[in-house]
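First comes the structure, then the notes that go with it.
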Amino acid sequence: MGRLFQGAVVVDPMTGQSRVLDLLVEGQMIAQIGVDLETSSHEVIDLRGLHVLPGLIDPHVHLREPGQTHKETIETGTMAAAAGGFTQICCMPNTSPIVDSSEWVTFIRTTADRFGYATVHPIAAITKGSKGEELTDFDALKKAGAVGFSDDGRGVQSARVMRDALMAAKLLDLPIIVHAEDETLSGAGCMNAGDVAQQLQVPGILSSAETVMIARDVILAQETGAHVHMCHVSPEAAVSVIRYAKQQHVHVTAEVTPHHLLLTDELVLTLGAQAKVNPPLRSEADRAACVRGLLDGTLDMVATDHAPHTEEEKARGLVSGPFGFVGLEVSFPLLYTAFVKSGILSLEKLAYMMSTAPAKHFHLPGGRIEVGGLADFVAVDIAHERRVDVARFRSKGRNTPFVNRMLYGFPVMTIHRGQTVFLDAQ
Ligand SMILES: NC(=O)N[C@@H](CC(=O)O)C(=O)O
Ligand SMILES: [Zn+2]
């Protein structure tokens, strides 16, 4: 007996076409896809009125375990992923301790598998302790399951260390995942350098702090032939540098977050620390450039940069509170409502950028719905509007500037390897 998911509009990011189809799931796999599949010997799940997308894949999540379990755990973070329609996530190594040894890579994978809400692909540190000095053992980390290397949370300040990392990663065919930040330029800033920071008389973070590092690293990627992936791109000039590098056939990919696509530093005036994130929310010109970059393929994929913090930590305020927003449980509805419902982007293209593209560029399974493929998919409701209700989050974090927004496209059911890992109770 299989499970027959009946009557949803199945979104195909590969062909750009969507139609009403039934999906038969047997075990962890999709056994059949077709119109009016035979039902008699199966459990039937009625999905009429919903859209089914390949399980979303997030290349940039902070799960906070080991060491910061007051902010999030592997269990709560993967529950949040399931609630947001994500069946696979890549997690960043800036935990306590830093994930710079194969033991921690194995710990994260096995812990996530034990809960089973989503598949977690650890990203291991580039340098020991993410101190920017000595490379970690890339070979051992890859063998333990790391899908790439990053010192995210900090930039690798030394060009020599970055070049050595690119050479080592290239030998293993894995990406170096760049948090682009020159600390001599970002300094002690707490928001974008600009009119709003001046008005509030708080230290700013220059756009150049990000763009010079992106420029440096595409040059190093060109010279070494390695794959460099740019995290959470935010300034207009950085989008231009990446566009130019792609024209020069540099192996560069890039991600953009919902907040950099939708918000600007004006929001700091009303939300203060709730609008504090790194890289910071930037100007309207930067935001619009990120949207153009996503539409023309310069920016390949969406990342939530889910970065949970407690209310007490955020309450320390704009200057001393931590950077970051939670994102797993709001990202799909945010982008569906802002770009698909308004007609700027097709649903198939959004599914491509939130599932197929990360699978392709990080060499992960999934990213499509096909016979013989993993039964990883999400059913979303695009017909009804709902409020972002942080009290219902699975994440321990409530720190989102999108609180109380009315959105379409919330996930209703998430299937991970054939199992129902999220079902909306409403
Ligand atoms: N993005 C953030 O504002 N914060 C991230 C670090 C990071 O992704 O750079 C965090 O770990 O809290
Ligand atoms: Zn980062």
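The values are calculated or read from the model by the stated rules, or taken from the named source; none is laboratory data. Keep in mind the model is a prediction, meaning the values are calculated, not measured. As a convention, Cβ positions derive from the backbone with ideal geometry for all residues, glycine included, and neighbour counts pool all protein chains shown. Just the protein is used for accessible areas: all its heavy atoms, side chains included, with ligands, DNA and RNA removed. Shrake-Rupley method; radii C 1.70, N 1.55, O 1.52, S 1.80 Å.
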task = Figure the gain on full extension for Ala237 and Thr106 (residue separation times 0.36 nm, minus the Cα-Cα span) and round it to one decimal in nm.
result = 43.3 nm
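So what is the calculated 222 nm ellipticity per residue for the chain, using -39500 (n - 2.57) for each DSSP H run with n of 4 or more, over all residues, to the nearest 500 deg cm²/dmol? Present the calculation step by step, with values, prior to reporting the outcome.
Numbers: 16 runs with 130 residues, N = 426.
It comes out at -8000 deg cm²/dmol, rounded to the nearest 500.
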key: Rough spin-label spacing in nm, given labels placed 7 Å along Cα→Cβ, for Glu26 and Arg398   = 4.8 nm
task = Please work out the ratio of the alpha-carbon Rg of the stretch 109-163 to 2.2 N^0.38 Å and round it to two decimals.
result = 1.29
ask   = For the stretch 12-78, what is the Kirkwood estimate of the hydrodynamic radius, computed as the reciprocal of the mean inverse distance between distinct Cα atoms, to one decimal in Å?
value = 15.5 Å
key: Percent carbon-and-sulfur accessible area, the chain, ignoring ligands, DNA and RNA, probe 1.4 Å   = 51 percent
ask   = Quick one: Cα convex hull volume of the stretch 285-342, Å³ per residue?
value = 115 Å³
query = Which number do you get for Rg(Cα) / (2.2 N^0.38 Å) in the stretch 124-208?
reply = 1.33
request  = Under 13 Å from the Cβ of Pro280, count the other residues' Cβ atoms, weight Lys and Arg +1, Asp and Glu -1, and hand me the total.
outcome  = -3
key: At R0 = 30 Å, FRET efficiency that the Cβ-Cβ distance of Lys143 and Gln201 yields, to 0.05   = 0.05
ask   = Amide H neighbours of Ile177 under 5 Å, counting only residues 5+ apart in sequence or on other chains, H built in-plane at 1.01 Å?
value = Phe149, Ser150, His229
request  = Please report Rg over Rh for the stretch 1-141, where both radii come from the alpha carbon positions and Rh follows the Kirkwood definition.
outcome  = 1.11
Kirkwood hydrodynamic radius of the chain, Cα pairs, Å = 21.5 Å
5 angstrom amide H check on Phe410, placed H, neighbours 5+ away = Asp381
Mean separation of Cα contacts under 8 Å (6+ apart) over length of the stretch 138-288, as relative contact order % = 21 percent
query = With the other protein chains left in place, how much accessible area per residue, in square angstrom, belongs to the chain at a 1.4 angstrom probe?
reply = 38 Å²
